[in-house]
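The values are calculated or read from the model by the stated rules, or taken from the named source; none is laboratory data. Note that the structure is a prediction, hence the values are computed from the model and not measured. Here the Cβ positions follow ideal geometry from the backbone for every residue, glycine too, while neighbour counts run over all protein chains shown.
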Amino acid sequence: MNQESLFTVTNGLSTLGPDLVEIRQMLEGAFTSWAAQCGAGAMLFPPLMLVEDLAKLDYFRNFPHLALIASPINQEVLEDKYVKGPPPRTIPSEHLTTGKYALPSAACYNIYLHLQGATLGAPKYVTTVASCFRNELHYTGLERLWGFSMREIVCVGSADAVKAHLGAFKEKLLAVSERIGLSLEVQVATDPFFQQQSNRALMQQIFPVKEEFVYKESVAIASVNFHRNFFGERCDIRTENGEAAFSGCVAFGIERWLHALVDRFEGDVKIIKEAVSALQAFRADTLTATIGDNQWRTPR
């Protein structure tokens, strides 16, 4: 099938055709079923975040280059420059008011802000999906976009609970990717939450804080992220013993999954749907699945 009939990308903005919309919905079904298996409650958050909330999380210290700010047009120029003026091609920065809101670049930030001030008697599992936005140096197909969708499954609680959550999903991702013939390489990635000069960042050498599942050596379609007690401290989330809670998330870049599936199965919609159906049906006690003319076995 012609790739252009599946999707188009212009200036880092993607449009999905009917087949990929259906496959996207199937992917989301797989991810949400995995979230349900670990008892994660589903939540949805606003599409904008307060700049001051992100600042609490050191976002602008660590990622100012990614930030995209949402600002209304200044009332003083509306009439002359826009109502009566020519159709604009861009909006000059001097026409914008002070930016109080940002477009999120990850789905999980709102979860920690939602839990701020909470004391948890048991590990808390939450899943959410969000439209995320990043100001990148370049954009490429469905691999790197201005705006994209991210599904995350988060655990907040003790260090042991979080490590168990991330370890289980790492095993699941490796098993299910082998099952459908989507070869992924695990790579230790740069810690996205701590400054590289900090003692926390140096602890990556002891326990990796971010591992990515990479397709063809360049496209990270999923990741497991161990935040230690960073968000617990910043958002005053406590365990029942009064200590700052640890947190970790499993993240799925939905458009990147679509890219990998289209590439791996050469745009064959039927085979892609069979592969995603295998993802939906996956459980740790299921050993085999047949996709097209091939069979993959889940490792014991």
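Table for the structure above
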{"item": "Lys81 vs. criteria loosely packed, with under 15 Cβ neighbours inside 10 Å and either in contact with a Phe, Trp or Tyr (Cβ under 6 Å, 6 or more places away or on another chain) or among the basic types (Lys, Arg) (or both)", "result": "no"}
{"item": "The stretch 125-170 - residue that is part of a strand (DSSP E or B), surrounded by fewer than 17 Cβ atoms within 10 Å (Cβ to Cβ) and of a type in the set (S, T, N, Q) and, of those, modelled with the highest pLDDT", "result": "Ser131"}
{"item": "Long-range neighbours under 8 Å by Cβ, at least six apart or interchain, first residue assigned by TED's automatic domain parsing to the domain that holds Trp257 within the stretch 131-145, second of a type in the set (Ser, Thr, Tyr) and loosely packed, with under 13 Cβ neighbours inside 10 Å", "result": "Glu143/Ser218"}
{"item": "Some residue of the stretch 32-43 being farther than 30 Å from Ala164 by Cβ and in contact (Cβ under 8 Å) with a residue 12 or more places away in the chain", "result": "no"}
{"item": "Residue check for Ala118: touching a residue at least 60 places away in the same chain (Cβ under 8 Å), within 24 Å of Ser149 (Cβ to Cβ) and in the same structural domain as Gly248 (by TED's automatic domain parsing)", "result": "no"}
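Residues checked against (1) touching a Leu at 6+ places or on another chain (Cβ under 9 Å); (2) under 18 Å from Gly253 (Cα atoms):
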{"residue": "Trp146", "(1), (2)": "yes, yes"}
{"residue": "Val156", "(1), (2)": "yes, no"}
{"residue": "Leu166", "(1), (2)": "no, yes"}
{"residue": "Lys170", "(1), (2)": "no, yes"}
{"residue": "Val188", "(1), (2)": "no, yes"}
